[in-house]
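**Student:** Got a structure for you, questions after.
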């Protein structure tokens, strides 16, 4: 078996052959996907570092890996002996990759990277740094791929066609609507690389990437012509007929880059820099004027139609039911039976798999006890994960992919006797979640406006949670989707997007105390209109998630009457929604778990 | 006396002489001031329309005046017989001036305007419209001025120097700090046209504009050189010595434009398009690269220093005391004595004038009874203003300019028996104001984040107030100042600015029901730091305003215990702050007015 040292040696040999001074290896795939298939894990292959966020820069003798605070301990361990220096991203005095490159590289140096996996947005900073230093930037090589022995095959799983009864809107309609949006943006053609956008547009689903039912694809809309590039092995006869009936020109995924170079595109060309890769950006900018905007499909698919909403309401009840049953079991048995975090996650995943229409998890289940729950993206290890025992909190954040929707929910349980401070934190998180869930707001509001409704009760304690309050949730697609989000500070490059009726967003405030405990309560909310009057159009949220909130953590004397009423109303609704499915002693349990306080 | 018809005739004759096809006359002065001195009221002179917002376009035979909804009735009346067509700005189907010009003017047409009073920002739209139509745009004429008989003299009142004990920081320090900011913005020179910025920088105050203690001036910072242009008549020997000792080059205001044309400026030149006029913009863009940004002085002056804060706290108590006494008098006597809105305003203005250090009002007092209070910018007419009587609400919004600060406060009083609906609205407004006043938030927050804390209780009723929740307040300067504001929607051109310790902002939610009643409660808040811990730096507001809130309007049963506690705490503080100044039956009155509910 080859080691990281051997791999770096092979890479440097290859670098010599192509006269590269530095090789930049980022974490990404050609489509800007959130989860990366194994085939694209070049950074992991070269460095041995397995975290989900990392940027590797390899020089002739030196090498550097940037990752964030979640992974410092792990990276330190995994990089040991590799000669790669850990760059603690976010720590004071640690330069970002772009600043480092600007400082380190000399005029005339050759910097190589695989431009297909570099986002065109990410590149801007590096490109700027590079331009100022007059470094040569070569982006059409894949040096890691060249030396990777036994590289996992790129996936090409069969693609399925979703029936209209699941999507609520056929592809002709969607393409028609998209054409109008392209025109509205002042553009004449559009290149789509985001897999989720393409799946939505063509009513297709695939299985090429973990937790997201998408298939590798590229789409070019050129005036009235639509080109869809798919992997040959993924195309069935049925699929081909389906697409060709709509006059969509199906082409092999493998020839996309050559084809794009040859193609005459009507300008201006609409692109979304957040998902477009740098290689395509380079090709397109030679063809004509580019118009940069949020991909119109991103906006279109974020507003769910009435059929999608009907399915969502249905599947969320089924998903809530499973989560509620799991939570009851853990609460009553975990401590007695010495269940550990990993076993608990496995149990929940299996229970969820029993739901009709289940197609997989929407993200790896977070099952965390005690201090582990303070780590927002904790994944319980297979070996020696913490045993759930009395005296602390157990947090579970999980969701599934189903025919009929993508789910996501978090609850935190009190196991045995827990101290008052943690109850105080829990009570505040519940208040925060409920206040946002019950907000009424004018159309036009963004998540930047609404975030403080949830955050203020936490800020009042002199505490903060270092993440957004909510993210968009896809429909049978990514569990995180744009364009709207609930955060008080947006990414500087992105304008805040209004929250519109039909959007589904998570509502997940929390309290995280490093080394002690973590609390998060997460419901998914559907935005709906209440009324339009002379002051404008008023919107509110309706929960899709109906799972009891652990009353053992509630300090009633620290709640306002309005907060108590919101909690009781929510629990009454939970009881109402889940009761039809309850039998035997479950009936009494549900009544007790959702009783008014 | 000449009539509007005669004035338009004279203008058209002048237009013929210079071969102008259209004359555009906006409302503004060369410094982007909020209040305009009479000398610059050309639009009013030409059209007869006296409202504060209007844009006039005069053709050879036709003429058009744009104004907003506040002024439709008044404009209709004032324009009668003038042949000027009223353009109801904001109404559906009514084009904006830029769109109208684009539609109406033909290629080759000559459009004249006085570029000195046109903001460089405003012009962009018009310039764009004009460029596309290939219309000639001549901006160095003042045709209205040419024909204006008995035009009011441009003001040149004496300028006074503020002592360090009032400003807390001398001009050398301020210039030093500004130089750093210019450099930080990547610029080498800076032209300042905002009068408030210049007054702050040089620790001067003037009397050229109503309600704002400023003097006409221009400033050029060119590398290390500082040029200050002032009106000759405004410069005393003492002032000249003061400025020259600091090596500030004093020049006549009148030669500024010629001087600027001749001057060699180091590029890039920093400009703030929100206050810069178009004429200067035209001159500067020929000189070198322009860097557009919020004027650094705007940011510097918005953060009050400890000396300024000491004076502010002191003067706000004195101002609060006067307002409290006035409110008591109105509450107890208005109905009995048949006092009208205008008399009430006059009375309050006179009481305020008795405060030591008073230099004038900070804006015309809004004194409004019943339905008049629903108009946000109502000014009671001298003749036949409404009499304050039982059965509705009286709103007073007022403030003063003092040595030691600029004040602004609003209270709404219940006169006699008022129905429950209005009490419900009042209670909500009080809750809204108190929740924002008691907010705790992380440094970095903007008014776009915080606005909903006040607005949510109003939105919960399915109502909205059509204005921001708060504006910055100057120190012995404009009562409205940037860069921060508390609004949920910012002007598209302006990024939201963080609210920082030392800033003073108004907190003034309201309810306005057209034809019925208006409610506004306004305190000025000082932002202060609470603590810095591992989660960040936490800020909050401390009120500067201490005036009782009318308890007759409060429905205790519609408040949460936390809201009641905030009200009682605020009233306890009001009692505490004002009691030392109370004598006789005032003592009992204050206790009653601020009693815990």
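Read-outs throughout are calculated quantities, based only on the coordinates presented, and are distinct from any laboratory measurement. If you're wondering where the values come from, they're calculated on a predicted model, not measured in any experiment. Glycine gets a Cβ as well: all are built from the backbone with ideal geometry, and neighbour counts include every protein chain shown.
**Student:** Quick one: compute a quarter of the convex hull surface over the Cα atoms of region B:367-457 and quote it in nm².
**Tutor:** Answer in nm², one decimal: 8.4.
**Student:** What is the helix-to-structure angle for B:420-437, meaning the angle in degrees between its Cα long axis and the longest Cα principal axis of chain B, kept from 0 to 90 and rounded to the nearest 10?
**Tutor:** Around 70 degrees separate the two axes.
**Student:** Related question: Regarding region A:224-356, what whole-number volume in Å³ per residue does the convex hull of its Cα atoms give?
**Tutor:** Cα-based convex hull of region A:224-356, divided per residue, equals 204 Å³.
**Student:** For labels at residue B:588 and residue B:359 in the simple 7 Å Cα→Cβ model, what's the distance in nm?
**Tutor:** 4.2
**Student:** If you fit an axis through the alpha-carbon atoms of helix B:4-17 and take the longest principal axis of the Cα set of chain B, what angle between them do you get, 0 to 90°, nearest 10?
**Tutor:** Value to nearest ten degrees: 30.
**Student:** How far is helix A:120-133 tilted off the main Cα axis of chain A, in degrees rounded to 10, range 0 to 90?
**Tutor:** 50
**Student:** In peptide A:538-545, how many Cβ atoms from other protein chains are near each Cβ within 10 Å, on average?
**Tutor:** 1
**Student:** By the gyration tensor of its Cα atoms, with a ≥ b ≥ c the square roots of the eigenvalues, what is the shape of region B:206-289: rounded for a/c under 1.5, prolate for a/b over b/c, or oblate?
**Tutor:** Numbers: a/c = 2.07, a/b = 1.39, b/c = 1.49.
In terms of gyration-tensor shape, oblate.
**Student:** Between residue A:92 and residue A:529, what is the spin-label point distance in nm, taking each point 7 Å from the Cα along the Cα→C-beta axis?
**Tutor:** Roughly 5.2 nm, to one decimal.
**Student:** Give me the compactness ratio for region B:477-556, meaning the Cα radius of gyration over 2.2 N^0.38 Å.
**Tutor:** Output field value: 1.38.
**Student:** Distances in nm, one decimal, shortest first, from residue B:337 to the same residue in every other copy, taking the label point 7 angstrom along Cα→Cβ.
**Tutor:** 8.1
**Student:** Can you give the FRET efficiency for residue B:261 and residue B:303, using 1/(1 + (r/R0)^6), R0 = 35 Å, r = Cβ-Cβ distance, to the nearest 0.05?
**Tutor:** Step by step, r from the Cβ atoms, then E = 0.50.
**Student:** In what sequence do B:166, B:555 fall when counting other Cβ within 10 Å, fewest first?
**Tutor:** B:555, B:166
**Student:** Within 10 Å of each Cβ of B:455-464, how many other protein chain Cβ atoms are there on average?
**Tutor:** Details: counts 4, 9, 1, 2, 10, 7, 3, 8, 5, 7.
Partner Cβ neighbours, averaged per residue: 6.
**Student:** Using Cβ contacts closer than 10 Å as the measure, can you line up B:280, B:431 from fewest to most?
**Tutor:** Lowest to highest Cβ neighbour count: B:280, B:431.
**Student:** Let me ask something additional. Across region A:416-510, how large is the tail of the calculated P(r) beyond 22 Å, expressed as a percent of all Cα pairs?
**Tutor:** Roughly 32 percent, rounded to a whole number.
**Student:** Just to be sure I understand: chains B and A are related by a rotation, so which residue of B has its Cβ closest to that axis, and how close in Å?
**Tutor:** B:560, 2
**Student:** Here's a follow-up. Can you tell me how much longer the chain between residue B:146 and residue B:555 gets when fully stretched, taken as 0.36 nm per residue apart minus their C-alpha distance, in nm with one decimal?
**Tutor:** So the extension gain works out to 141.2 nm.
**Student:** Let me ask another. In vacuum, with every alpha carbon of region B:4-147 counted as one equal point scatterer, what does the Debye formula give for log10 I(q)/I(0) at q = 0.11 Å⁻¹? Two decimals, please.
**Tutor:** Debye intensities relative to I(0), on a log10 scale: -0.36.
**Student:** Given 25 °C and 0.890 mPa s, how large is the Stokes-Einstein diffusion coefficient of region B:326-481 in µm²/s, with Rh as the Kirkwood radius over Cα pairs? Working shown, then result.
**Tutor:** Details: Rh = 17.1 Å.
Stokes-Einstein gives a translational diffusion coefficient of 144 µm²/s.
**Student:** While we're here: Counting only DSSP beta bridges with both residues in region A:4-147, what percent are antiparallel, rounded to the nearest 5?
**Tutor:** Taking every DSSP beta bridge with both residues in region A:4-147, the antiparallel ones total about 45 percent.
**Student:** Another question, then. As a test, work out the antiparallel percent of DSSP beta bridges whose residues both lie in chain B, rounded to the nearest 5. Show your work: numbers first, answer last.
**Tutor:** Details: 64 of 84 bridges.
In chain B, approximately 75 percent of DSSP beta bridges are antiparallel ones.
**Student:** Same structure again: Evaluate peptide B:158-168: per residue, the Cβ atoms of other protein chains within 10 Å of its Cβ; return the mean as an integer. Don't skip to the end; give the middle numbers.
**Tutor:** Details: counts 0, 0, 0, 0, 0, 0, 0, 0, 0, 0, 0.
Per residue, the number of nearby Cβ atoms from other chains is 0 on average.
**Student:** Still on this structure, I have one more. Please report, in Å, the Rg and the Dmax of region B:160-301, where both are computed over Cα atoms only.
**Tutor:** For region B:160-301, the Cα radius of gyration and maximum Cα-Cα distance read 14.2, 42 Å.
**Student:** With all distinct Cα pairs included, what does the Kirkwood hydrodynamic radius of chain B come out to in Å, to one decimal, could you say?
**Tutor:** It is 25.7 Å.
**Student:** Counting only DSSP beta bridges with both residues in region B:160-301, tell me the antiparallel percent, nearest 5.
**Tutor:** Within region B:160-301, antiparallel bridges account for around 55 percent of the total.
**Student:** I've got another one for you. Which translational diffusion coefficient, to the nearest whole µm²/s, is obtained for region A:306-593 from the Stokes-Einstein equation, given a Kirkwood hydrodynamic radius over C-alpha pairs, 10 °C and 1.306 mPa s?
**Tutor:** Using the Kirkwood radius from Cα pairs, D works out to 83 µm²/s.
**Student:** Along Cα→Cβ at 7 Å, what distances in nm separate the residue A:354 label point from those on the other copies, shortest first?
**Tutor:** 8.2
**Student:** Grab the alpha carbons of the protein assembly as shown, take their convex hull, and tell me the volume per residue in Å³. Spell out each step's value before the answer.
**Tutor:** Numbers: hull volume 237.2 nm³, N = 1194.
Output value, Cα hull per residue: 199 Å³.
**Student:** Put the label 7 Å from Cα along Cα→Cβ for residue B:420; what are its distances to the other copies, in nanometres, shortest first?
**Tutor:** 3.9
**Student:** Using the per-residue mean of other Cβ atoms lying within 10 Å as a proxy for protection, in what order, highest first, do the peptides A:508-514, B:415-421, A:126-132 fall?
**Tutor:** A:508-514, A:126-132, B:415-421
**Student:** Quick one: compute a quarter of the convex hull surface over the Cα atoms of region B:2-81 and quote it in nm².
**Tutor:** 5.6
**Student:** So how do B:103-111, A:292-300 stack up, highest first, on mean other-Cβ count within 10 Å?
**Tutor:** A:292-300, B:103-111
**Student:** Can you compute the modelled spin-label distance between residue B:285 and residue B:384, with each label point 7 Å from Cα toward Cβ, in nm?
**Tutor:** Each label point lies 7 Å from its Cα, and together they span 4.9 nm.
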